[in-house]
Structures are given as C-alpha cells and as structure tokens.
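Chemist: This is the structure I have questions about; it appears just below.
Laboratory data are not the source of any read-out in this text; all were calculated from the coordinates shown. Keep in mind it's a predicted model, so treat the numbers as computed, not measured. Cβ coordinates were reconstructed from backbone atoms using ideal geometry, including for glycine residues, and neighbour counts include every protein chain displayed.
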Amino acid sequence: MSSSFRDLRIWREALQLSIEIYRATASFPKHELYGLVQQMRRAAVSIPSNIAEGNGHRTDREFLAFLFHARGSLLELETQLMIAQELQYLSKEQALRLLDSAATVGRGLNGLINSLRANAA
C-alpha cells in the first residue's frame, strides 16, 4: 500500500471529480438543494473519502472493501448525473464531461482493485 492516500493518483482524480460535482450542482434549482444536489455531493465526496480511509487500514483485504464502497458511490453518482441531464439541470456537454471524469475514476478504481486482488492471491 502507498504510504499516504495523497500519493494515490486515483484519490487525486476522485477528489477533483467531487469538486467538479460541487461546482456543477451549484446551479441546480433551489428546490433540489436537499434532494438531488445533496445526494450527488454525498456520493461524490464518498469516493475519495473511502479511498483515503481504506488506505489507512493495515491489510489489502480491508483496503479492497473500502474501494468497493468507493466504486458503489461512483456508480450511484453516474446514475444521478444521468438523471440530472434528463431533468435538464445539466447540459448534455456538462453531463458528458462529468461522466467522462467518472469513467476515468472508475478505470483507476478497477485497476487498483485488480492490483490488490492479484497481490492477495
């Protein structure tokens, strides 16, 4: 495992995605503040938070559990992005850009998961 979660490229990418989500949801309708906005922000923040927390555990097995939680939050966020686009809270271009960032984070998470699984085998 890395000496610090801050050294992990995937953590930095996930952190950037969460910042992008906060910025994108700032323009959502006020009636969504405690609905979709809150859910999207929570899911987005959960991704780097789970990576960081998992990295602090002693075993690869524990780290993997947190990475799976991060991946679940990422999939939740991707679904919410699609809903936001359908409701026209995000333009098609905004949604595609954010979904592309999410896909990059997903590939990184899957790579780290596969690497840790290989080490555990």
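Chemist: If we sort 36-47, 56-67 on the protection proxy, mean other Cβ atoms within 10 Å, highest first, what's the order? Intermediate values should be presented prior to the final figure.
Modeler: Values: 36-47: 20.8, 56-67: 15.3.
Most protected by this proxy first, the peptides run 36-47, 56-67.
Chemist: How much length is gained on full extension from GLU32 to GLU93, taking 0.36 nm per residue of separation minus their Cα-Cα distance?
Modeler: Using 0.36 nm per residue and subtracting the Cα-Cα distance, I get 19.9 nm.
Chemist: Report which label in (1) 1.02; (2) 0.92; (3) 0.96 holds the value of Rg/Rh (Cα atoms, Kirkwood Rh) derived from the coordinates of this structure.
Modeler: (1)
Chemist: If you don't mind, another one. Counting only other residues whose beta carbon sits under 15 Å from that of ASN110, what net charge do I get with K and R as +1, D and E as -1?
Modeler: +2
Chemist: Can you bin segment 73-114 into rounded, prolate or oblate? Criterion: square roots of the alpha carbon gyration tensor eigenvalues sorted a ≥ b ≥ c, rounded for a/c under 1.5, prolate for a/b above b/c, oblate for the rest.
Modeler: Numbers: a/c = 5.31, a/b = 2.22, b/c = 2.40.
Note, shape of segment 73-114 comes out oblate.
Chemist: How far apart, in nanometres, would the label points at ARG58 and ASN119 be if each is projected 7 angstrom from Cα along the Cα-to-Cβ direction?
Modeler: It works out to 1.6 nm between the two label points.
Chemist: What shape does segment 4-43 take by its C-alpha gyration tensor, where a ≥ b ≥ c are the square roots of the eigenvalues and a/c under 1.5 counts as rounded, a/b above b/c as prolate, and the rest as oblate?
Modeler: Numbers: a/c = 5.14, a/b = 2.82, b/c = 1.82.
Here segment 4-43 falls in the prolate category.
Chemist: While we're looking at this one, here's another question. If the chain between LEU75 and ASP100 were fully stretched, how many nm would it gain, using 0.36 nm times the residue separation less the Cα-Cα distance?
Modeler: Working: separation 25, 0.36 × 25 = 9.00 nm, distance 1.26 nm.
Additional length available on full extension: 7.7 nm.
Chemist: Follow-up question, since we're still on this one. Along the Cα→Cβ direction, 7 angstrom out, place labels at PHE68 and ARG23. What is the inter-label distance in nm?
Modeler: Going by the 7 Å Cα→Cβ label model, 3.4 nm.
Chemist: Would you compute, from DSSP H runs of 4+ residues alone, the mean residue ellipticity of the chain at 222 nm, taking -39500 (n - 2.57) per run and dividing by the full residue count, rounded to the nearest 500?
Modeler: -27000 deg cm²/dmol
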